[in-house]
Amino acid sequence: MYNKLADNVYEVEMLKASDDELSQLSKDRSLGLSIDEMKSIRDYFKKEGRNPVDVELEAFAQSWSEHCCYKSSKNILKDTIFAIKSPDVICAISEDAAVVDFEGEYAYVVKIESHNHPSALDPYGGAATGVGGVLRDIVCMGAQPIALVDQLFFGPLNLPEKELPKGVKHPRYLFNGVVSGIADYGNRVGIPTVAGQVSFDKSYIGNCLVNAGCIGMVKKDKVVHSRVGGPGDMYILAGGKTGRDGIHGVTFASQELHDKSEDKDRAAVQLGYAIMKEPLMHACLEANEKGLLTGLKDFGGGGLSCVSSEMAHAAGCGATIYLDKIPLKEPDVSPWEIWVSESQERMMLSVKKEDVDKVLEIFSFWDVLATVVGEVDDSLRIKATYKGVKVLDLDLEMIIAGVCYNREKKIIEKKDTKTEFKMPELTETCKKMLALENIASKEGVVRRYDHEVRAATVIKPMQGKVNTQTHGDATVLKPLDKSYRGLAVSCDVNPTLCRESPYWGAASAVDEAIRNLAAINAKAHSIVDCLNFANPEKPERLGDFKQAVEGMHFVAKAGGIPFVSGNVSLYNESNLGPIAPTPTLMTLGIAKDVRKCVTSDFKVGGNTIYLIGETKEELRGSQYQVLSRFDGGIIPKVNPEKTLEDAAKLMSAMDEGLVSACHDLSEGGVYVALAEMCFGGDLGAEVDLAELGSLRTDVKLFSESNGRWLVEVKKGMDEKFNSIVNARKIGKVMENGKIKITDNSEKIELDVAELKDMWDGGVVREVPK
């Protein structure tokens, strides 16, 4: 089926191929293309009057992959979250990262990406290169990265080895490798990891999730775009050399994992080189600062194939790439491998001819390899040569437009039901709740990352007194020296809720993001999302995706909060089944004055504790249900207008200096929030839940109803606080190291030190044999 044209270059006999032969060709080359897509490509080459070269066939596989062209999701996205607009958005959706107004001449830049499949095979390398990729996304907009975030999802760490399926790595091995990869890469490039999330669920045993986000700052007049300037520009490849790592990375990410993935797809995992990233970033930013770049884009999914094509197409141009000029890691790399390799630490610059020498001099100073590898023209075609032989010549509109499907969707809704079960003994239940993996302390992960480097993290991820710190709701950066305006970061999604109801689970994630930011006195400003779902070719899986996106849109639209950038990661499914729907959110908020921000730890004994929001009998998908294993229940709903109204009032009280501490209520409800606030302040509390009405005590303690906060109000400020905020007084902060809870005849007394030991140890248990 192949005819040799030159060394390592082959014509593919496609025009006369049968449907069976086309399917086999796609399978043999790991193209990931359906028979209909292969037939469309064949029809294109019939019009061209020739067979394709192997390089050209690979180019279609990259650009038409689910990972690159969103062929199953973009019709759903454009009618929902893409439709929310904001005047503060300078650049959204269309480029490698979003650019959003911050203050004066400055904007912040933000992006989130997934590196799920690579991390399932190589947890250290997959996670590290995920961080590297999202850093490049920020740099290619001309921005200096200032912070990283990571949202991680694994199977239960205490999974017995005997329950581990064939070809699947143990969750604890994946957990340790991923955390190490993120820590080592982020720490080496000198960018703080300031926020994140670690969640555990059985659905991630066969397919862990690794989502990495990055934030940068840029002067608005220094924003550079992911497109060439015009005909005559030269392409310069800067950074690492090209090798056989990361081959077919995007096609690998566009299929389900299976028990042979380790052997078959290992080459799809990229190799990171953090030490190269630091000078590469400096060189790119210096060249941009001096006005020498017309365009800048990182080598991400699809490698050279996508970066060269997309930069030219975005400017209505064409280009020619000289493959034999690409610096290689090893000899005899085939042209098609050069074209699709996703080797790391590479950037593509477009530069006017007269500025080429100046740019090369900058990169030489930083000891970063930079090579002229192509030239821009007005042909509207992407072309490539190899040792004088033309190996690729394609119409850019055909390859970039890709394909788009309106696939069948099946909506499956679980009905709310009243649940009846005997209330357990609550003292022991309270202790066990804090040891659940999804509630227990993640300090062991947080401390692996440097969140202080660059000295801009003014509200930390762990908050409270030294050696007794607790989880915060959000972190706050002070990115500008001469301004007290802060940029707050929150990471949110509850996969347990999303599995029970993709719509209300996703809506709850947006509601929680609003609450987390309000809890530290910041207003939600923009959202980036990483939509992790299973196989979209299965109607019920795409139905989950549609419901989740609609739930996100419902809440964000009410607050006018735009989705400015994101990523769709599908085919997160293995022989064990699909992952729980996981629309991870990284939400950015504006803190008007970082000096008025509030943390989650209790401050002073005698201060009053208030509860904002309504507690309802909403236990379905709760951590209490995970622990107690009762059936049915009611899923937490969202009233976005009420949440937004209460958030605004709460922040007004904070601006007035009335609030000492605040914590939003999510997993574990009132009880877990109360315990975490005690941990951070090394204090106790006395609360009376009778104020919450006739609900059962366990519902009052563990309900995960949305729209709620616990607030510590300073002494003597109760009257003024109540004039601003509609809240229930439920107790006071104590200095006796005890948590005492009463609810009519029900009484619970707990030792804070004992509880903290349970909470601290929840994610470090030994794995049963």
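Observations
- Between the Cα long axis of helix 669-681 and the first principal axis of the chain there is an angle of about 90°, rounded to the nearest 10.
- Sites Tyr484 and Asp332, calculated FRET efficiency, Cβ-Cβ separation with R0 41 Å, nearest 0.05: 0.10
- The string of couplings for the stretch 522-528 from the Karplus curve (6.51, -1.76, 1.60, θ = phi - 60°) is 9, 9, 4, 10, 7, 10, 10 Hz, one whole number per residue in order, with x for Gly and Pro.
- Which of Ala92, Cys68, Leu121, positive extreme of dipole for the stretch 1-121 (C-beta unit charges): Cys68
- Structure-based [θ]222 nm, the chain - -39500 (n - 2.57) summed over DSSP H runs of at least 4, per residue, nearest 500: -10000 deg cm²/dmol
- Once the 1.4 Å probe is applied to the protein heavy atoms, the stretch 1-156 comes out at 33 Å² accessible per residue.
- The residue among His248, Ser628, Met1 whose Cα reaches farthest toward the positive pole of the charge dipole of the chain, with charges on the beta-carbon of Lys, Arg, Asp and Glu, is Ser628.
- Binned Cα-Cα distances of the stretch 451-536, short to long, each 5 Å bin given as a whole percent: 3, 13, 19, 20, 18, 13, 8, 5, 2, 0
- Extension gain, Leu576-Lys74: 0.36 nm per intervening residue step, less the Cα-Cα distance, totals 178.0 nm.
- The calculated P(r) of the chain, using every Cα pair and 10 Å bins from 0, goes 3, 14, 24, 25, 17, 10, 5, 2, 0 in percent.
- For the chain, the longest principal axis of the C-alpha atoms and the axis of helix 640-655 are separated by about 70°.
- Modelled this way, with points 7 Å down the Cα-to-C-beta line, the labels at Ser652 and Lys557 are 2.8 nm from one another.
- Potential lengthening between Lys410 and Leu164 on full extension [0.36 nm per residue; Cα-Cα distance subtracted]: 85.5 nm
- Relative contact order of the stretch 1-105, taken over Cα pairs closer than 8 Å and 6 or more residues apart, is 19 percent.
- Each label was represented as a point 7 Å from its Cα along the Cα-to-Cβ direction; for Lys387 and Lys747 these points are 8.9 nm apart.
- Each Lys and Arg Cβ is given +1 and each Asp and Glu Cβ -1; about its Cα centre, the chain then shows a dipole of about 740 debye.
- Alpha-carbon centroids, the stretch 694-747 and the stretch 180-205: separation in whole Å: 34
- When peptides 491-498, 233-240 are ranked by their average number of other Cβ atoms within 10 Å per residue, the highest-first order is 491-498, 233-240.
- Nitroxide proxy distance, nm - points 7 Å out along Cα→Cβ at Phe421 and Ser364: 7.1
- Taking 24 Å as the limit for the C-alpha separation, the pairs Lys71/Lys390; Lys78/Lys414; Lys460/Lys592; Lys166/Lys431 exceed it in the case of Lys71/Lys390; Lys78/Lys414; Lys166/Lys431.
- 32 Å Cα-Cα threshold exceeded, pairs from Lys297/Lys538; Lys596/Lys642; Lys642/Lys732: Lys297/Lys538
- The stretch 610-720, dipole about Cα centre (Lys/Arg Cβ +1, Asp/Glu Cβ -1), debye to the nearest 20: 240
- Peptides 318-327, 161-170, 478-487 ordered by average Cβ neighbours within 10 Å, highest first: 318-327, 478-487, 161-170
- Placing a label point 7 Å from the Cα of Lys720 along the Cα-to-Cβ direction, no residue of the stretch 512-550 has a backbone N closer than 16 Å.
- Kirkwood Rh (inverse of mean 1/r, distinct Cα pairs), the stretch 1-136, angstrom: 18.4
- Centre-to-centre, using Cα atoms only, the stretch 262-337 and the stretch 5-73 are separated by 23 Å.
- Taking packing as the residue-averaged number of other Cβ atoms within 10 angstrom, the listed peptides 562-571, 355-364 run from highest to lowest as 562-571, 355-364.
- Carbon/sulfur fraction of accessible area - the chain, other protein chains in place, 1.4 Å, %: 48
- Here's the picture: a label point sits 7 Å out from the Cα of Val604 along the beta-carbon direction, and within the stretch 678-720 the residues with their amide nitrogen under 15 Å of it are 712-720.
- Divide the volume of the convex hull around the Cα atoms of the stretch 59-106 by the residue count and you get 83 Å³ per residue.
- Sites Glu452 and Lys729, calculated FRET efficiency, Cβ-Cβ separation with R0 51 Å, nearest 0.05: 0.85
The values are calculated or read from the model by the stated rules, or taken from the named source; none is laboratory data. In this text the structure is predicted, and so the values were computed from the model without any measurement. Backbone-built Cβ (ideal geometry, glycine too); neighbour counts: all protein chains shown. Heavy atoms of the whole protein, side chains included, go into the accessibility calculation; ligands, DNA and RNA do not. Shrake-Rupley method; radii C 1.70, N 1.55, O 1.52, S 1.80 Å.
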